[in-house]
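The values are calculated or read from the model by the stated rules, or taken from the named source; none is laboratory data. This structure is a prediction, so every number in the text was calculated from the model and none was measured. Counting neighbours? That spans all protein chains shown, and the Cβs are built from the backbone with ideal geometry, glycine included. Accessible surface is based on the protein model in full, side chains and every heavy atom, while ligands, DNA and RNA are left aside. Shrake-Rupley method; radii C 1.70, N 1.55, O 1.52, S 1.80 Å.
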Amino acid sequence: MKNRKLLYEGKAKILYEGPEPGTIIQFFKDDATAFDNKKHATLEGKGVLNNRISEHIMVSLDSVGIPTHFIKRLNMREQLVKKCEIIPLEVVVRNIFAGQLSKRLGIEEGTPLRRSIVEFYYKDDALGDPLVSEEHITAMNWAMPHEIDEMMALSLRINDFLSGLFRGLGITLVDFKLEYGRNFENDIMRILLADEISPDSCRLWDMKTNEKLDKDRFRRDLGGVTEAYQEVARRLGIMPENTPANHAGPVLVSDN
Ligand code: TMP
Ligand code: ASP
């Protein structure tokens, strides 16, 4: 790891230059943050779980024709991905009222939406990732109109596929966040699904008990965060052998 060129360190991942041109190594950390980094903890084993869960989801999406940046998993914490120019937007798909949408519109969490919706947030921690419209996106030149259309179409296809996949495991996919990037190969630009899809970036509720199996356990201090991620991995059939089963509870580093 020593001689690798560090490209970027984010809150939950580190990006290193890959072994071949046009590739990047994504390293999954155990760090968890919420509320724009105001809350931070290290959750032992989370990175290993998210690496495996995201790999499984990206490979499944690829098999149904969704173009993704994923190439292969390298080890417990790293995966090789295609280099792309990240579009500075968080694309959120929602099926059920929860989180910010419930707060913004004053509608109780758990209320189904009449139809799935796609929202865009501008990726900027200092601004608190504000909700933006297509008008803002094009006026600010963050993405072109045809790119917005493509991200919306892909996001709804991903939602259909993942809703079915999780439903089969007794889990409701409430909402989730996606990121896209532009990949240039042979002078052709393609939009790829990038980043990760894991319980860090989804709301997953057990269908029978409504128990939360995602990062809301951390955001809302419900405890059992890694256990919940392990349960998602177990239901996906990918429980990694070396993940500590009985680790100490989450370590709260700061909470303000
Ligand atoms: P929200 O209700 O807080 O807007 O979250 C919607 C979905 O997006 C939820 O599944 C969590 C995910 N999300 C992220 O992955 N990163 C973020 O920074 C935020 C705010 C939400
Ligand atoms: N990515 C957000 C942050 O660190 C956390 C979240 O998912 O709510 O602030």
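Annotations for the structure displayed:
- From largest to smallest, the equivalent ellipsoid semi-axes obtained for the chain from the alpha-carbon gyration tensor read 25, 24, 19 Å.
- Each principal axis of the range 68-147 carries a Cα extent, and these read 43, 35, 27 Å when sorted largest first.
- For the range 144-240, the mean projected area of the C-alpha convex hull, equal to one quarter of the hull surface, is 7.7 nm².
- Taking Lys and Arg as +1 and Asp and Glu as -1, the other residues whose beta-carbon sits under 10 Å from that of VAL174 total -1.
- Environment charge of GLU147, counting only residues whose C-beta is closer than 11 Å and scoring Lys/Arg +1, Asp/Glu -1: -1
- Cα point-scatterer Debye curve for the range 90-212, base-10 log of I(q)/I(0) at q = 0.10 Å⁻¹: -0.34
- Directionally averaged projected area (the range 1-84, Cα convex hull): 6.2 nm².
- Pairs exceeding a 24 Å alpha-carbon distance, out of LYS13/LYS103; LYS29/LYS83; LYS11/LYS83; LYS38/LYS83; LYS38/LYS103: LYS13/LYS103; LYS38/LYS83.
- Surface composition of the range 79-213: carbon plus sulfur atoms hold 52% of the accessible area, using a 1.4 angstrom probe and ignoring ligands, DNA and RNA.
- Rolling a 1.4 angstrom probe over the protein heavy atoms with all chains in place gives the chain an accessible area of 49 Å² per residue.
- Spread of Cα-to-Cα distances over 10 Å intervals beginning at zero, given as percent, for the range 141-185: 23, 43, 24, 10, 0
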